[in-house]
1. Among (1) surrounded by 11 or more Cβ atoms within 10 Å (Cβ to Cβ); (2) without any contact (Cβ under 8 Å) to a residue 12 or more places away in the chain, there is one condition Thr73 misses while meeting the rest; what is its number?
2. Find all pairs meeting these conditions: Cβ atoms under 9 angstrom apart; at least six residues apart or on different chains; first residue within the stretch 81-96 and surrounded by 14 or more Cβ atoms within 10 Å (Cβ to Cβ); second residue aromatic (Phe, Trp, Tyr) and outside any helix (DSSP H, G or I).
3. Taking the stretch 84-123 as the search range and keeping residues that are assigned to a loop (DSSP other than H, G, I, E, B), among the hydrophobic types (A, V, I, L, M, F, W, C) and modelled with pLDDT under 95, which one is farthest from Glu69 (Cα to Cα)?
4. What number goes with the only condition from (1) of a type outside the set (Val, Ile, Thr); (2) under 21 Å from Leu97 (Cα atoms); (3) modelled with pLDDT of 95 or more; (4) not assigned by TED's automatic domain parsing to the domain that holds Ala112 that Leu58 does not pass?
5. Against the condition crowded, with 20+ Cβ neighbours inside 10 Å and either closer than 26 Å to Leu16 by Cβ or of a type in the set (A, V, I, L, M) (or both), how does Leu121 come out, does it pass?
6. If you check Thr30 against the conditions, is it hydroxyl-bearing (Ser, Thr, Tyr) and assigned by TED's automatic domain parsing to the domain that holds Gly123?
7. Under 8 Å between Cβ atoms, at least 6 apart or on separate chains: pull out the pairs that start in the stretch 14-35 with a residue that is over 22 Å from Arg65 (Cβ atoms) and end on any residue that is at pLDDT 95 or above and among the basic types (Lys, Arg).
Amino acid sequence: MNGYLRPREWECHFRLHLQKTIPQPELKRTDIWYVDPSEQNLEIVIEDARQAIMEIGLPWFDRFRSTQEVLRTLLEDAPSHEGTYGLGANPSPIRHLIIGYAALSLGKTEIAVEHIQAALLSGCFKDLEPKMRAALEESNRG
């Protein structure tokens, strides 16, 4: 839209589902707000969703504005189905790949090389192999 690529939710490596805090027996899912057909609960639904965005969603995005925090999360945090998820198992090929490039962007060459090599050896990224090999060669020169 407007020249910007927008990945589908499942294509994102870092994901978070906001949760409603209001009871809604009409809908068991806690990450979808239900508006009744008469719209009598509309105001409370909007306020609850706004509060989730302001208190949880926006600070979550702020947290991952820092590449250092992205790298720390990937290196230290366990996979979870609560809070931030989608990072891949630790270790996993995709996690190695993201760690490698995050470390590379921070100038942490030793970590970058270790993880890009592990991702390369997994054989999971055939389309990216030339770029990965080039990144490794550049790291070895630097």
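The values are calculated or read from the model by the stated rules, or taken from the named source; none is laboratory data. This one's a predicted model, so the numbers in the text were calculated from it and none came from an experiment. All Cβ positions, even for glycine, are placed from backbone atoms using ideal geometry, and neighbour counts span all protein chains on display.
1. Against the list (1) surrounded by 11 or more Cβ atoms within 10 Å (Cβ to Cβ); (2) without any contact (Cβ under 8 Å) to a residue 12 or more places away in the chain, Thr73 comes up short only on (2).
2. Thr84/Phe14; Thr84/Phe64; Tyr85/Phe14; Gly86/Phe14; Leu87/Phe14; Pro93/Phe125; Ile94/Phe125
3. Our first condition is that a residue be assigned to a loop (DSSP other than H, G, I, E, B); within the stretch 84-123, this holds for 84, 86-92, 106-108, 123.
Checking the rest, the ones that are also among the hydrophobic types (A, V, I, L, M, F, W, C) come to 87, 89, 106.
Subset that is modelled with pLDDT under 95: 87, 89.
Working: Leu87: 13, Ala89: 18 Å.
Ranking the qualifying residues of the stretch 84-123, first place goes to Ala89.
4. For Leu58, the exception is condition (2).
5. Values: crowded, with 20+ Cβ neighbours inside 10 Å: no; either closer than 26 Å to Leu16 by Cβ or of a type in the set (A, V, I, L, M) (or both): yes.
Answer is no for this residue.
6. Numbers: hydroxyl-bearing (Ser, Thr, Tyr): yes; assigned by TED's automatic domain parsing to the domain that holds Gly123: no.
No: the conditions fail for Thr30.
7. Matching pairs, first to second residue: Thr30/Lys20; Asp31/Lys20; Ile32/Lys20; Trp33/Lys20.
Quick grid of which residues meet (1) assigned by TED's automatic domain parsing to the domain that holds Ala52; (2) touching a Ser or Thr at 6+ places or on another chain (Cβ under 7 Å); (3) closer than 30 Å to Thr30 by Cα:
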residue: Gly88; (1), (2), (3): no, no, yes
residue: Ile94; (1), (2), (3): no, no, yes
residue: Ile98; (1), (2), (3): no, no, yes
residue: Ala102; (1), (2), (3): no, yes, no
residue: Ser105; (1), (2), (3): no, yes, no
residue: Val113; (1), (2), (3): no, yes, no
residue: Phe125; (1), (2), (3): no, no, no
residue: Glu129; (1), (2), (3): no, no, no
